[in-house]
Amino acid sequence: PVEVFDLVIFGGTGDLARRKILPGLYLRWLAGQIPAEARIIGAARGELDDQGFRDFVAASIEEFVARDRKDKAAIKGFLERLHYVAIDVTGEKGWKDLKALGREGAVQAFYFSVAPALFGAIAERLRSYEIAGAEARIVVEKPFGRDLASARALNATLAQHFEEGQIYRIDHYLGKETVQNLMAVRFANILFEPLWKSEYIDHVQITVAETVGVEGRGAYYDKSGAMRDMVQNHIMQLLCLIAMEPPYHFDPDAVRDEKLKVIRALDPVKPEDIVRGQYLAGAGEGSYLEHSGNKDSRTESYIALKVHISNWRWKGTPFYLRTGKRLRARESEIAITFREPPHSIFDDHSGWRENVLVIRLQPDEGMNLKVMIKEPGPGGMRLTQVPLDMSFAEALANTMEDVPDAYERLIMDVIRGNQTLFMRGDEVEAAWAWTDPIIQGWEARGDRPQGYDPGTSGPEDALMLMHRDGRRWRGIG
Ligand code: BG6
């Protein structure tokens, strides 16, 4: 179990709390990781009492926890850990009640599961009401700003009240099991790292494909788009973990220092290296324009880009990134394509294909390494490619079931005081500093995204992005 804690969730009755945070905490309780003295305190505008909040959480567990993980006794025990404070985060109501709940000897954590515009008001009151102690931790969600200026302003506001070491900026991709596995694969094997550079790697593809559209969150999404919603944060984090130099230790600042260097080494992206798309109507569903409620929207629900990292390791190895909604399959993977051997000793080289290391993030987490062998049989020395395929679920049959979801892991890391899997303020700012001119570029040119049919792998032009370099995207679905 972790230490005894008091976790206050601002926005405790909001969507993220209902879908992710509270069911996640229940599952950690079920796993025996949360001590009986811990308290989880919902704080929101609604006039609930403890019982009302417990009913709300019981319903969220009912809806979002898998049937075989619902245990009556465990749910009852978990609900007893819950409390509620009706609070006005921009006013004065409720803050004294929250203070009255304070106690000695428990780790204090405050989860800001609210719009970023409210971060400042909450941070300030946690201090002025003397609620947050010197060791208190705060957790903030994305979107962390919408450009460099707003991210800087947010960082500055938080910094008025809390030290960087107390601020946990969540990027839930960093809590995904396979994303962390990237570091284990790279730095716990001698096999890959010596080859992990442009001399041996032809290119890298990162794909985060989704089948869902933006129904229901069109208002937020339309101001954001795939670049801000996925690339600036989640995909950037994946890119960093693939591209970074080995940190000297698996330690928060050592890891984050190395990630920061990668972001700073990113070249500006040329307009011709970007393809933006917007899904059309189809398969019985409305178009992006209908879902977003903005008939003139120029916001992209798909983006593909070619990115260069200007440093010794990566000069000459492009990273192709793509993500989109309403695509053929929900599939996220990183594919590392190696170069051709310098010289072939075989007369018949026709069966030769590049070695590819594919790291599957979801679904069916695992790794697949494509290697060349001799084609079986007496037909002479012909080459063929076979996969060395490892599904983590198969290989780790007994342990995978209890693998915590990203949120479960990250919230427990907050209680443990481990910032390794959270973004530091300078990292977020550097990512915006790279993103801003790209977005400003297409806004200034008035670019419109290209329509694409749902259930496909995105706009046609995205294919060209690779074809013209003599390369191909891997298939989706
Ligand atoms: C969120 C984005 O951060 O990540 C969503 O706002 C996106 O638009 C989601 O759908 C994807 O997360 P996951 O874990 O389902 O890959």
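The values are calculated or read from the model by the stated rules, or taken from the named source; none is laboratory data. Here the structure is a predicted model, which means the values were calculated and not measured. Cβ coordinates were reconstructed from backbone atoms using ideal geometry, including for glycine residues, and neighbour counts include every protein chain displayed.
Take the residues in segment 7-33 that are assigned to a loop (DSSP other than H, G, I, E, B) and more than 15 Å from V139 (Cα to Cα), then tell me which one is nearest to the chain's Cα centre (by Cα). Quick ask: steps written out before the conclusion?
So the first thing to find is which residues in segment 7-33 are assigned to a loop (DSSP other than H, G, I, E, B), and the list is 11-14, 31-33.
Of the ones still in play, those that are also more than 15 Å from V139 (Cα to Cα) are 13-14, 31-33.
Details: T13: 23, G14: 20, A31: 24, G32: 26, Q33: 24 Å.
Only one residue fits best here, namely G14.
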From A209, A184, A219, A149, residue being loosely packed, with under 15 Cβ neighbours inside 10 Å and out of contact with any helix residue (DSSP H, G or I) (no Cβ under 9 Å at 6 or more places or on another chain): A184
With criteria (1) away from the ligand (no atom under 16 Å from the Cβ); (2) closer than 15 Å to V8 by Cα; (3) not in a loop (DSSP other than H, G, I, E, B), V139 comes up short on (1)
So R146, is it away from the ligand (no atom under 16 Å from the Cβ) and either part of a helix (DSSP H, G or I) or charged (D, E, K, R) (or both): no
Which pairs turn up if I take residues in segment 159-179 that are over 24 Å from E124 (Cα atoms) and look for partners that are among the acidic types (D, E) with beta carbon separation below 6 Å, at least 6 apart in sequence or on another chain? T178/E365
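From the list R313, R326, which residue is surrounded by fewer than 19 Cβ atoms within 10 Å (Cβ to Cβ) and either away from the ligand (no atom under 16 Å from the Cβ) or touching a residue at least 12 places away in the same chain (Cβ under 8 Å) (or both)?
Going through R313, R326 in turn, the sole match is R313.
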For D405, indicate whether it is in contact with a Gly (Cβ under 8 Å, 6 or more places away or on another chain) and surrounded by 15 or more Cβ atoms within 10 Å (Cβ to Cβ). yes
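Of these, K315, K325, which one is assigned by TED's automatic domain parsing to the domain that holds E394, over 18 Å from the mean Cα position of the chain (by Cα) and basic (K, R)?
Just a single option satisfies the conditions, and that option is K315.
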Of all residues in segment 327-351 being more than 21 Å from T207 (Cβ to Cβ) and of a type in the set (D, E), which is modelled with the highest pLDDT? E340
In contact with a Ser or Thr (Cβ under 6 Å, 6 or more places away or on another chain) and either of a type in the set (A, V, I, L, M) or touching a residue at least 24 places away in the same chain (Cβ under 8 Å) (or both): does that describe E408? no
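Any residue at all in segment 219-229 that's more than 20 Å from the chain's Cα centre (by Cα), within 16 Å of the ligand (Cβ to nearest atom) and closer than 30 Å to R328 by Cα?
yes
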Just checking, does segment 150-170 include any residue being in a strand (DSSP E or B), aromatic (F, W, Y) and more than 11 Å from the ligand (Cβ to nearest atom)? yes
Looking only at segment 189-218, which residues are among the small types (G, A, S) and within 16 Å of the ligand (Cβ to nearest atom)? A209, G213, G216, G218
Evaluate the following for A265: is it closer than 18 Å to D436 by Cα, modelled with pLDDT of 95 or more and either surrounded by fewer than 21 Cβ atoms within 10 Å (Cβ to Cβ) or away from the ligand (no atom under 11 Å from the Cβ) (or both)? yes
Scan segment 101-110 and give yes if some residue there is assigned to a helix (DSSP H, G or I) and surrounded by 17 or more Cβ atoms within 10 Å (Cβ to Cβ), otherwise no. no
When you scan segment 352-448 for helices (runs of 4 or more DSSP H) that lie fully inside it, which ones turn up with 2 or more residues that are more than 30 Å from E135 (Cβ to Cβ) and modelled with pLDDT of 95 or more? 425-445
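Test of understanding: among A36, A73, A59, A43, which residue is part of a loop (DSSP other than H, G, I, E, B) and either within 19 Å of A100 (Cβ to Cβ) or among the aliphatic types (A, V, I, L, M) (or both)?
Going through A36, A73, A59, A43 in turn, just one is part of a loop (DSSP other than H, G, I, E, B) and either within 19 Å of A100 (Cβ to Cβ) or among the aliphatic types (A, V, I, L, M) (or both): A36.
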